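Working notes, structure below.
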Amino acid sequence: MTRAVVVDDEPLARQVLREMLAGMAEVILVAECANGFEAVKAVHDLKPDLLLLDIQMPKLDGFEVLDLLGSDAPAVVFVTAHDAHALRAFEVQAVDYLLKPFTAERLATALGRALQRGRAPAVARAGYLERIAVRDGATVTIIPVARLDYAEAQDDYVGLVSAGKTHLKAQTIASLESALDPAEFVRIHRSYIVRLERVARLESHGKDGHTAVLDTGVKLPVSRSGYARLKLQLER
């Protein structure tokens, strides 16, 4: 028996899926979620085998749900009225991509593929991040990238500093660096990424040492290679 969770902000869309799934003996619907926050909690609590996931939802979209779930994500079938996200959906290893409206037969085909594939971990999303979702138990915090001051590596986590607060996210600083726009963020040290517009000045100390002073007064170490990258960006 496949345990499924339906996630869609439209009640009618959830009803259509509920009625279709009711006619499929091999699937049991264990939860319905009206938004991405409910979806993250449902997967965390219920450990379903399958997520039938809408993409465009308020506050937390389908891709951000997968980003938060990480390796805990079950097999995913996107269910959406928009075809523009298909490539991105398969980049995060979605089992299938259903365009509304669809038939029960088409849904059954997607479920068959999900059964064959089993659990599929999500991978990094395409394009540069605009928002970063951080989960702490059942609590989810959304950090707009435009408000991110800097990030600091902390073992297998990164500390995301925004508005004077630090939020810990289970991610490497290298993967975060690759997801941020290099025109706006610079890796100034093996442990630090900084937002360019937050850098107020550079200070020299010792023979080749440098420190980046942010407009908040925070001082961050700058390595030799980081200094070269930072200086190049600041001179543009």
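Straight-line reach from Lys219: which aspartates and glutamates have a Cα under 18 Å away, not including same-chain ones fewer than 8 places off? In chain and number order, the partners are Asp149, Glu152, Glu197, Glu203, Asp208. Of the chain, which part is the longest with no GluC sites (Glu not before Pro) in a loop (DSSP not H, G, I, E, B) and with at most 13 other C-beta atoms within 10 angstrom? With a cap of 13 other Cβ atoms within 10 Å, the longest stretch comes to 131-234.
Annotation for segment 1-84: chymotrypsin sites (Phe, Trp or Tyr not before Pro) lying in DSSP loop with at most 15 further Cβ atoms inside 10 Å of their Cβ do not exist. Rounded to whole numbers, the Karplus 3J(HN,Hα) couplings from phi for segment 52-67 are 9, 10, 6, 9, 8, 9, x, 6, 9, 7, x, 5, 5, 4, 5, 4 Hz, using 6.51 cos²θ - 1.76 cosθ + 1.60 with θ = phi - 60°, and x at Gly and Pro.
Over all directions, the projected convex hull of the C-alpha atoms in segment 2-117 averages 6.2 nm² in area.
Comparing Ser71, Ser175, Ser191 in a Gaussian network model of the chain (Cα springs below 10 Å), the most mobile by mean-square fluctuation is Ser175. Restricting the calculation to Cα atoms, every distinct pair contributes to the Kirkwood radius of the chain, found to be 19.5 Å.
Read the figures in this text as sums done on the coordinates, not as results from a lab. Remember, predicted model here, so these are calculated numbers, not experimental data. Positions of Cβ are generated from backbone atoms using ideal geometry, with glycine treated the same way; all protein chains shown enter the neighbour counts.
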